Amino acid sequence: MPVLQTLFLIFGSKLFSYNMKTQMLEKEAVIIKFAGDSGDGMQLTGGLFTDDTAISGSDLATFPDFPAEIRAPAGTLAGVSGFQLHFGSREIFTPGDRFDILVAMNAAALKVNLGQLVPGATIIINEDGFDSKNLRLAKYPDGVNPLEDGSLSGYHIIKIPVTKMTREALKDSTLGTKEQDRCKNMLVLGLLLWRYNRTMDTTLKFLQAKFKNKPDILAANETVLQAGYHLGDTREDFTDRYDVKPAQLAKGTYRSIMGNDSLVLGLITASKKAGLPIFYGSYPITPASSILHSLAKYKNFGVKTFQAEDEIAAVCSAIGASYGGNIGVTGTSGPGLALKGEAIGLAVMLELPLVICNIQRGGPSTGLPTKTEQSDLLQAYYGRNGECPLPIVSASTPADAFDAAYEAVRIAIQHMTPVILLSDGYIANGAEPWKFPKAADIPEIKVEFASARENGTPFMPYARDERRVRQWAIPGTPGLLHRVGGLEKEDVTGNVSYDPANHEHMVKTREAKVELIAEHIPEQKMEAGSDHGDLLILGWGSTYGVCQAVTRGLMEVGYKVGHAHLRYLRPFPRNLGELMSRFEKVMIPEINNGQLAKIIRDKYLLPVVQYNKIQGTPITNEELYDFAVSLL
Amino acid sequence: MSVDINMNGGPVILKAKDFATDQDVRWCPGCGDYSILKQVQTVLADLGKQPHETVFVSGIGCSSRFPYYMETYGMHSIHGRAPAFAAGLKMSNPELGIWVITGDGDGLSIGGNHLMHLFRRNFNLNVLLFNNQIYGLTKGQYSPTSEENKRTSSTPYGSIDHPVNPIALALGCEATFVARSMDRDVKHLKDMLVQADGHTGTSFLEIYQNCNIFNDGAFFSFTEKATKPSTTIFLENGQPLVFGAENEKGIRLDGFKPQVVDLNSGKYSKDDLWVHDESDLIKAQILSRFFDDHHTNEHALPRPFGVFYRTERPCYEDLLFGQIEKATGTLGDGNLDKLLAGSNTWEIK
């Protein structure tokens, strides 16, 4: 008799299964996709697993992907909500192209994601989501069940009756069936924590904080989480556990951060460093709303939030606040930026600080509210009447939104101008580890309000310094009485002027003011690769990860390539033209129809190559790599 | 008269003309705006306002040029949005005395939405709506307050729009101070400006203003001596509603229905009349419906002028600063390092 069987006879199945059935395997990186109905709690499950993953020391990137409807019809293909997580012991740049593990809470979730699995992937399936109704809603033909027809034979399938087991675990609970069923995501989460050799500590801590006033719901979630965890221990077909070692990130203290939260922290940090309160006027819009939610919590940082009656009032209130000496900020997405256009033009005319955060989404019109796109660059550049230049900065990753927001505030204040800060849905909802800075290491933002002339000469609101910047004169200050407005200003005095030569002079002056900001931003640096060679991958915004991954991949096989990523989209860094000229080819990947490419061609007369994807999803490593190779 | 700090730091006695800028006033000669500008400058001086603590915020239109003529701070903003700029300014700098200047097109058409929300939020500021029932700056199209059948450049066959009732709108949004005056009754206008300014909360003052170019005489039946006594009624808190050249007519309420009565008939005395109560929203709403067109309806009720409604309600900015104070009291001044670290951190060594 083999030893193991002997042991089984001696100690009984329980002990055997706890200690002997599983083996620990090491993995360098894993891509998991959680998918279910929009009501199944997949975003929360993914988020909690991400928090735990971050604390375990992995590098990671996430990609939540959900429908625009809060509760799209249950069980349908349109209602599938997904959360993708890529983590590993090496540097992780993107959420990844194809999944190693798919959690499919119902038939629709399986169908939508099946095309993106690696061969031999593991699929954890909620059997209870595959009854005839679910199959019909997922548009499987009559009598076809993918769990039974052998179509999944290339995958490792783990079938779990998640709903039944949740109810079973809660059979002593006083909660109703509907409330019990809402705990079923915890079963999956427990199982995955087990599978990746984690503890339940972080998740339990979260649940205890979230449900501290709802003891019965807390108890139910804890019970189901534990049931899922122990399921891993007890079920015979779970033979493997995986250990992903901590990533070799730079030394320091880290936290996990999502893009919109990071942007919020950047704004508050800039506010503290400038010694001025943030005033955030906004109107709810996907995917920018969470900026308003976050800022509203930080009243003890002096943050004022104002949910205005519409997008226009939101930006106008922010301009009013800037006029009054606060840092006026407004946040929106593409359709809202369109509505704000006229008021932003006024801010250009008034030459007041203002930050407009545009968290881009698929357009035009209402477009794809929950899907990502980089298609507002031209709107940011040109989307206003008249000659109406303003600086544009952009965030590249979730953590980078912190620096981008700080920079936007700094430029707005120091150059007395509205600044558009571009982010997108992918950055806003994505998460990554962040080696956050110490407050003391962040530079102050110097603010100088105008004060009354000591010699009694009248105040000239549109007098400028060598950067063409006028002074910030706050109502309430004696000796500075003046009027501002949208009519053309006479240079220096700020009086209304219809003088032809003055208008041309003012148009050129406003342009020069923005262009001169190039002298006050860093030169463009390389993110990876050599600073000359055969191909420069020039990116901006949320393509950062894929540009990095592809550039490093190409370098590994010997190509002479480099990656530069633009934080400053207007004005461009002063060395950009020279940098691009050192490469044989410049390729610009964008999640739009070629907007940066158009601007670069216009400004530098360079025949740049564009790579565009306009599907509401990020560019994958595979496709960009193949395209880059085709150019080399 | 008013005291402001001059360039050298010493006090100066201010008069109405000290609130006038050096800019040429560019309204058409004979425009009702001149009278309003003069009364506002006079009232500010009389109330001892400090120019540097006063801001005029306007939108677009003839009336919205107002800030350029006031030696205070000022913003001539974009069409219809003055309330939103003023709201942001008040929240950033609550000590400022803010006057929103708007017109019937600016405030009730393109900016109608903002006005509505300004009223319900109740910032402590004043709104002066110059109603001339026409679009002046764009050369004479009908406005949202124009009467039906009005022939204008954009309505050669007569307007088929039904006019908005600004006072009813303000009351509907629960503005906390709602009043009406006219450019040609200087004394009344000054009094209303003083009362509007004295109110804590959003004060709404509709001012009938004559556009002598595109809509001359729109309000003459209310403003001119011959007809004014019989077409207007001047509201005074606690006083019965009487009108007429000899105060010979009054208004009594028959249930909710207002009725004009003849005080000389012997049938009714002042004791039978409706006594104006500024704190009564329901009655203010009935008063706001004294809105019949005197040109087309000979039985029209007299048009009321004065304070329709006045109440106290917390101001938005006070509530906002109250929340900030409370949060700071409970949580302490925000600590940036703690904020950046969040609740879950880990070390990489």
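What follows draws every value from the coordinates through simple rules; no lab data is involved. On a predicted model such as this, the values are computed, not experimentally measured, just so you know. Cβ sites come from the backbone with ideal geometry, for glycine too, and all protein chains shown count toward neighbours.
Among beta bridges from DSSP that stay inside chain A, the antiparallel ones total about 35%.
In percent, rounded to a whole number, the relative contact order of the stretch A:255-441 is 28, using alpha-carbon pairs under 8 Å and six or more apart. With contacts taken as Cα pairs under 8 Å at a separation of at least 6 residues, the stretch A:448-521 carries a relative contact order of 29 percent. Per-residue Cβ neighbour counts within 10 Å put A:Ile442, A:Ile124 in the sequence A:Ile442, A:Ile124, beginning with the fewest. Whole-Hz Karplus values for the stretch A:419-424 come out as 10, 9, 10, 9, 9, 8 Hz, taken residue by residue from phi with 6.51 cos²θ - 1.76 cosθ + 1.60 and θ = phi - 60°; glycine and proline positions read x.
Taking the stretch A:151-177 and a reference point 7 angstrom along Cα→Cβ of A:Thr239, the backbone N atoms nearer than 16 Å belong to A:155-159.
Relative contact order, whole percent, for chain A stands at 11, derived from Cα pairs under 8 Å and 6 or more residues apart. With each label modelled as a point 7 angstrom along the Cα→C-beta vector, the B:Glu148-A:Glu584 pair spans 7.9 nm. When each of B:Asp271, A:Asp243 is scored by the number of other beta-carbon atoms lying within 10 Å, the sequence from fewest to most is B:Asp271, A:Asp243.
Taking amide H as placed 1.01 Å from N in the peptide plane, A:Val484 has its amide H under 5 Å from the amide H of B:Gly74, B:Met75, B:His76, each at least 5 places away in sequence or on another chain. Distances between placed amide hydrogens fall under 5 Å for A:Leu117 paired with A:Phe99, all partners being 5 or more residues away or on another chain. Between A:Leu516 and B:Lys225, the distance separating the two model label sites (each 7 Å from Cα on the Cα→Cβ line) works out to 6.2 nm.
Of all DSSP beta bridges confined to the stretch B:169-317, the antiparallel ones make up roughly 60%.
For the pair the stretch A:145-206 / the stretch A:223-248, the C-alpha centres are spaced 12 Å from each other. Going by the alpha-carbon gyration tensor, a ≥ b ≥ c the square roots of its eigenvalues, is the stretch A:26-243 rounded (a/c under 1.5) or, if a/c is not under 1.5, prolate (a/b greater than b/c) versus oblate? Verdict is rounded for the stretch A:26-243. Residues in the stretch B:186-203 carry Karplus couplings, in order, of 4, 5, 5, 4, 4, 4, 5, 4, 5, 5, 4, 5, x, 7, 8, x, 6, 9 Hz; the curve used is 6.51 cos²θ - 1.76 cosθ + 1.60 with θ = phi - 60°, and Gly or Pro positions show x. Please label the shape of the stretch A:448-521 as rounded, prolate or oblate, based on the square roots a ≥ b ≥ c of the eigenvalues of the alpha-carbon gyration tensor (a/c under 1.5 means rounded; beyond that, a/b larger than b/c means prolate, else oblate). Cα axes put the stretch A:448-521 in the oblate bin.
A cut-off of 5 Å between modelled amide H atoms, ignoring neighbours fewer than 5 places along the same chain, links A:Ile124 with A:Leu102, A:Val103, A:Ala104, A:Ile158.
Couplings 3J(HN,Hα) for the stretch A:370-383, derived from phi with the Karplus relation 6.51 cos²θ - 1.76 cosθ + 1.60 (θ = phi - 60°), are 9, 9, 8, 6, 10, 9, 10, 5, 5, 4, 4, 5, 10, x Hz, where x marks Gly and Pro. Round to the nearest 0.05 the FRET efficiency obtained for A:Ala209 and B:Lys338 when R0 = 25 Å and r is the Cβ-Cβ distance. According to the calculation, E is roughly 0.95. Can you tell me the 0 to 90 degree angle between the C-alpha axis of helix A:259-274 and the longest principal axis of chain A, rounded to 10? Tilt of helix A:259-274: around 40 degrees.
What FRET efficiency comes out for A:His532 versus A:Lys133 if R0 is 51 angstrom and r is the Cβ-Cβ distance? Round to the nearest 0.05. The computed FRET efficiency comes out at 0.25.
Neighbour counts of C-beta atoms inside 10 Å place A:Lys212, A:Lys598 in the sequence A:Lys212, A:Lys598, starting with the fewest. For A:Arg574 and A:Lys508, a Förster radius of 25 Å and the Cβ-Cβ distance give a FRET efficiency of 0.80, rounded to the nearest 0.05.
For the pair A:Leu175 and A:Lys297, the difference between a 0.36 nm per residue extended length and the Cα-Cα distance amounts to 40.8 nm. The alpha carbon gyration tensor of the stretch B:159-225 gives principal lengths a ≥ b ≥ c with a/c of 1.5 or higher and a/b no greater than b/c, which makes the shape oblate. The modelled label-to-label distance for the pair A:Asn197/A:Val469, using points 7 Å beyond Cα in the direction of Cβ, is 5.3 nm.
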